[in-house]
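Undergrad: I'd like to ask some things about the structure below.
Nothing in this text is a laboratory measurement; each read-out follows from the coordinates by a stated rule. As the structure is a computational prediction, the values presented were derived from the model and not from experiment. Neighbour counts are summed over all protein chains in view; Cβ atoms, including those assigned to glycine, are modelled from backbone coordinates with ideal geometry.
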Amino acid sequence: MLEKIDLAKTISEAEYKKRIPELRARLYSIQRLCWDAKIPVVLVFEGWGASGRGAMVNFLTQNLEPRVFRLHMILSPRTYERSMPWLWRFWVKIPNYGEMAIFDQSWYRRVLIERVEKRIRKTEWQQAFEDVNDFERALSDDGYQVVKFFLHISREEQKRRLKKQAKDPISKLMRDPEDKLQLKQHDLYLKAVEEMLMRTEAEWAPWTIVEADDPRYARVKVFESIIQRLEEVLHAKAPESMPLLLNAVQNAEAAPPVPERPRRIHARKH
């Protein structure tokens, strides 16, 4: 499956600088309209180690309304969380109606990292596929929009980025040790990723595979995918909001661009 993905896709810097401001303005307006229409949104970001998940989430959130979204960086379950049903720690992070939750890694750790590193039994990660599908279907049935991304890079690009991070003192301190594990067991992770994509692809929670060798192309694709999904929902559930969206985007385009923040928003680590 993943070997057929064209990772050579790219976008010029000029085209990128032309499109990103409009996409940011449009997404900001859509977020506000989803709030007014009480449409809850769950964004899930998975991907290879060093694929740019954290940078993507940071860039995405720079121009969102901070009062309406929560960012969750998911790590291994804590001791007290292990005494609860495994999806409990994600249920408690689901946003209120109209709000947005962004997951930097998610419940898919169970069928990826925990599976490959043998932190759980085979019967547990096999059952997790059914649990995840039921979980996402329940959210969808209650009006939640579940938008899932997998950032895909080549093994060579992953190796290059990890080597570059190792040479930079700051990046070295921030590097996730699990990224290196993925590189060492690439074939096992590849098998797990492809099974995950196949068994959890659903009409109500589809996957979008993002060609992420070129960060600029990846950013544009993520923005466009989110915008398309939420505009379709707004058109169906709140058609009266579409003229407001058009006016908001036109006004935003006329305004001076908002400078990017140099530092990453602190995620809630779980």
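Undergrad: Among the aspartates and glutamates, select those whose C-alpha is under 16 Å from the C-alpha of residue 38, and discard any that sit fewer than 8 residues away in the same chain.
TA: 65, 99, 141, 142, 231, 232, 240
Undergrad: So which trypsin sites (Lys or Arg not before Pro) in the stretch 1-106 pass both tests, a DSSP loop state and at most 13 other Cβ atoms within 10 Å of the Cβ?
TA: 38, 67, 78
Undergrad: Could I ask something else about it? Average projected area of the Cα convex hull of the chain, in nm²?
TA: Convex hull of Cα atoms, orientation-averaged projection: 14.6 nm².
Undergrad: Please return the longest stretch of the chain lacking exposed loop sites, where GluC sites (Glu not before Pro) count only if DSSP places them in a loop and at most 12 other Cβ atoms lie within 10 Å.
TA: Formally, the longest exposed-site-free interval is 1-200.
Undergrad: Taking other Cβ within 10 Å of each residue's Cβ, how do 72, 235 sort, fewest first?
TA: In order of increasing Cβ crowding within 10 Å: 235, 72.
Undergrad: Hey, another quick one. Given a 10 angstrom Cα cut-off, can you work out which residue in 113, 227, 11 is the most mobile in a GNM of the chain?
TA: Among 113, 227, 11, the largest mean-square fluctuation in the Gaussian network model of the chain belongs to 11.
Undergrad: If you don't mind, there's one more thing I want to ask. Rank these for me by crowding, 92, 116, going from fewest to most other beta carbons within 10 Å.
TA: Starting with the residue having the fewest Cβ neighbours, the order is 92, 116.
Undergrad: What is the fewest-to-most order of 122, 159, 148 by other Cβ atoms lying within 10 Å of their Cβ?
TA: Ascending Cβ contact count within 10 Å gives the list 122, 159, 148.
Undergrad: Can you tell me how much longer the chain between residue 9 and residue 79 gets when fully stretched, taken as 0.36 nm per residue apart minus their C-alpha distance, in nm with one decimal?
TA: Once the chain is fully extended between residue 9 and residue 79, it gains 20.9 nm.
Undergrad: Here is a further query. If contacts are Cα pairs under 8 angstrom and at least 6 residues apart, what is the relative contact order of the chain in percent?
TA: Reported relative contact order: 35 percent.
Undergrad: Separate question: For the pairs 17/221; 93/184; 4/164; 4/221, flag any whose C-alpha to C-alpha distance is greater than 23 Å.
TA: 93/184; 4/164
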